[in-house]
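See below for the structure under consideration.
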Amino acid sequence: MSLDSHMPTSREAGQGIIHDLPAASPDKDPIMQFQEWFDFAQSANIYLPEAMTLSTASPEGIPSARIVLLKCIDHRGFVFFTNYNSRKGDELNSNPRAALVLHWSTLQRQIRIEGNVERISRDESETYFQSRPRGSRIGAWASHQSMLLNERSELSLRVERLNQKYPGEKIPCPPHWGGFRVIPENIEFWQGRKNRLHERLVFKRLPSGDWQTKLLYP
Ligand SMILES: Cc1cc2nc3c(=O)[nH]c(=O)nc-3n(C[C@H](O)[C@H](O)[C@H](O)COP(=O)(O)O)c2cc1C
């Protein structure tokens, strides 16, 4: 299917680009600023505004990136959930640093976050796990995320067996499944502007815990 045949769909969905939105403010707390932009992206009917690119690297510095969903934001950091034995899980276990990127094209906004990564508490992971739909909870048990799958039927069979093992709503959280928190050291707010004269504001966390701001050339 060509790209052109998709275009009417995106126009029908009213996804026009919004111009001249305000840039981020250096006077705001960056987590509050993030929340403000995130709320705006949600209210702009963007599909999955919480989708973000997560970059990790092996101890040798070989990078890898994939999309995950942002599930919780507070002053401690940015939380996503995954399989701790996946490729990203392995990389974060041996090299606990990550970079996140959110991009909302119709708002001409991008946010970049970098920092150390920690596992959230077992309690927090279990509470979140139990809030997920039954199918997703079975899926978390069924998938050996990032491992070799010989054929698709192997996965369906695992799902079938798990449905027999856990016929009701009571499904425990797998020990290898949970949340990671990216503790921000740098947060950059990027606002698109005409003639590529975009605005970039970076918040850098100082050892004191205060945030220092600086502007960057676009
Ligand atoms: C929109 C979208 C949302 C996703 N959300 C998650 C997520 O929250 N957690 C997750 O582990 N994988 C998520 N995935 C799948 C990952 O992109 C990736 O395929 C998977 O985690 C395996 O990555 P890894 O082999 O690098 O560990 C999502 C994919 C897409 C396209």
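Consider all pairwise Cα distances in the range 133-218 and report the whole-number % of them above 17 Å. Walk me through the intermediate numbers first.
Working: 2449 of 3655 pairs.
Value for the range 133-218 (Cα pairs over 17 Å): 67 percent.
Over the chain, average the accessible area per residue using a 1.4 Å probe and give it in Å², no decimals.
Here the per-residue accessible area is 59 Å².
Residues of the range 101-121 with the amide nitrogen closer than 20 Å to a label point 7 Å from the Cα of LEU215, along Cα-to-Cβ, please.
Counting only backbone N, you get 108-112.
Determine ³J(HN,Hα), in whole Hz, for all residues of the range 164-177 in sequence, where each value follows from phi through the Karplus function 6.51 cos²θ - 1.76 cosθ + 1.60 and θ = phi - 60°; x replaces Gly and Pro.
Calculated HN-Hα couplings, in order: 6, 5, 10, x, x, 8, 7, 10, x, 6, x, x, 8, 10 Hz.
Read phi for every residue in the range 60-66 and hand back ³J(HN,Hα) as whole Hz from Karplus 6.51 cos²θ - 1.76 cosθ + 1.60, θ = phi - 60°, with x for Gly and Pro.
7, x, 7, x, 8, 9, 7
Can you give the accessible area of SER131 in Å² (nearest 10), computed on protein heavy atoms with a 1.4 Å probe?
80
Want the number for GLU160 to ILE62: 0.36 nm per residue separation, take away the alpha-carbon distance, what's left?
Between GLU160 and ILE62, full extension yields an extra 31.6 nm.
What GluC sites (Glu not before Pro) does the range 141-218 have in DSSP loop regions with at most 12 other beta carbons within 10 Å?
Sites meeting the loop and neighbour criteria: GLU151, GLU169.
May I ask you to work out the translational diffusion coefficient for the chain at 4 °C, viscosity 1.567 mPa s, via Stokes-Einstein with Rh from the Kirkwood sum over Cα pairs, reported in whole µm²/s? Provide the component values of the computation, followed by the final result.
Working: Rh = 19.6 Å.
Rounded, D is 66 µm²/s.
I need the phi-derived Karplus couplings for the range 47-58: 6.51 cos²θ - 1.76 cosθ + 1.60, θ = phi - 60°, integer Hz, Gly and Pro marked x.
Karplus values, whole Hz, x for Gly and Pro: 6, 6, x, 7, 6, 9, 7, 10, 10, 10, 8, 6.
The values are calculated or read from the model by the stated rules, or taken from the named source; none is laboratory data. Source: prediction; values computed, not measured. Reconstructed Cβ throughout: ideal geometry from the backbone, glycine too, with neighbour counts over all protein chains shown. Just so you know, the surface numbers come from the protein's heavy atoms only, side chains and all, with ligands and any DNA or RNA stripped out. Shrake-Rupley method; radii C 1.70, N 1.55, O 1.52, S 1.80 Å.
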